[in-house]
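Student: Mind having a look at this structure? Questions to follow.
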């Protein structure tokens, strides 16, 4: 069965602000394969393949909106993009997305970023047209199992339909920018929601471990370089 008119919303959000990148850049999953959303839709692996190729031919990606373009701040400004999607692809898990927020120096940009960083603006929703699907015939079956769709936009939303659709972590500073213990403690507080006491204790413990392993003369510069090297290794 196919359909090219009706549009539904699917919500699956697992996203983190990436270390080693500028403020506002993040990655995650816009949809998880095989997981039934509260609207009764299940999206299968391969459903995004054709639509992503079509977007690629245009040299573009779907828009990044807030609340699907309405209702949060009010007015026509809601129809304006809040960011730019820079990459989308399917893997074995779902629709993997990468993007960055824009206009972080404006009141609206600051509010959106702060809401995401605090874990309150913590959902992602895709807007699409189902092109090929099967309808469930039994009460325990999904309403629709979608095999092919047209992806129209991917929005950051206030309320997610899916209990998996939550922000995992936020990092508002680049690990490569850590130069002092205070920098490291601030990053831990912002990225991992650590208290000041906990972040100070963690950094102090890390210093003691580094000194024990490399000798009492281990410098802080060397410690920070060790942290940065490990971060680059993990990010490679």
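Student: Assuming residue 5 fulfils every condition listed in (1) part of a loop (DSSP other than H, G, I, E, B); (2) more than 30 Å from residue 105 (Cα to Cα); (3) modelled with pLDDT of 80 or more apart from one, which condition is it?
Tutor: (3)
Student: Does at least one position in region 141-156 carry a residue that is at pLDDT 75 or above, in the same structural domain as residue 27 (by TED's automatic domain parsing) and more than 27 Å from residue 55 (Cβ to Cβ)? Spell out how you get there, then give the answer.
Tutor: Step one: list which residues in region 141-156 are at pLDDT 75 or above, which gives 141-156.
Going one step further and asking which of them are in the same structural domain as residue 27 (by TED's automatic domain parsing), we end up with 141-156.
Keeping just the survivors that are more than 27 Å from residue 55 (Cβ to Cβ) gives 141.
The answer is yes; a qualifying residue exists.
Student: Scan region 45-59 for residues that are surrounded by fewer than 16 Cβ atoms within 10 Å (Cβ to Cβ), in contact with a strand residue (DSSP E or B) (Cβ under 8 Å, 6 or more places away or on another chain) and part of a loop (DSSP other than H, G, I, E, B) and report the count.
Tutor: Of the residues in that region, 2 qualify.
Student: Criterion first (under 19 Å from residue 125 (Cβ atoms), at pLDDT below 80 and surrounded by 16 or more Cβ atoms within 10 Å (Cβ to Cβ)) does residue 42 satisfy it?
Tutor: Numbers: under 19 Å from residue 125 (Cβ atoms): yes; at pLDDT below 80: no; surrounded by 16 or more Cβ atoms within 10 Å (Cβ to Cβ): yes.
No: the conditions fail for residue 42.
Student: Against the conditions (1) part of a loop (DSSP other than H, G, I, E, B); (2) within 16 Å of the chain's Cα centre (by Cα); (3) free of Cβ contacts under 8 Å to residues at least 40 places away in the same chain, where does residue 119 fall short? Just the number, please.
Tutor: (3)
Student: Tell me the residue from 104, 80 that is more than 30 Å from residue 137 (Cβ to Cβ) and touching a helix residue (DSSP H, G or I) at 6+ places or on another chain (Cβ under 8 Å), please.
Tutor: 104
Student: Can you pull out every residue in region 94-124 that is closer than 18 Å to residue 51 by Cβ and surrounded by fewer than 19 Cβ atoms within 10 Å (Cβ to Cβ)?
Tutor: The answer is 96, 98.
Student: Residue 119: at positive phi, out of contact with any helix residue (DSSP H, G or I) (no Cβ under 7 Å at 6 or more places or on another chain) and at pLDDT 85 or above, yes or no? So that I can check it myself, show each step before the final result.
Tutor: On the way: at positive phi: yes; out of contact with any helix residue (DSSP H, G or I) (no Cβ under 7 Å at 6 or more places or on another chain): yes; at pLDDT 85 or above: no.
Here the answer is no, as residue 119 does not meet what is asked.
The values are calculated or read from the model by the stated rules, or taken from the named source; none is laboratory data. No experiment lies behind these values; they were computed from the predicted model shown. Because the Cβ atoms are built from the backbone with ideal geometry, glycine has one as well, and the counts that use them run over all protein chains shown.
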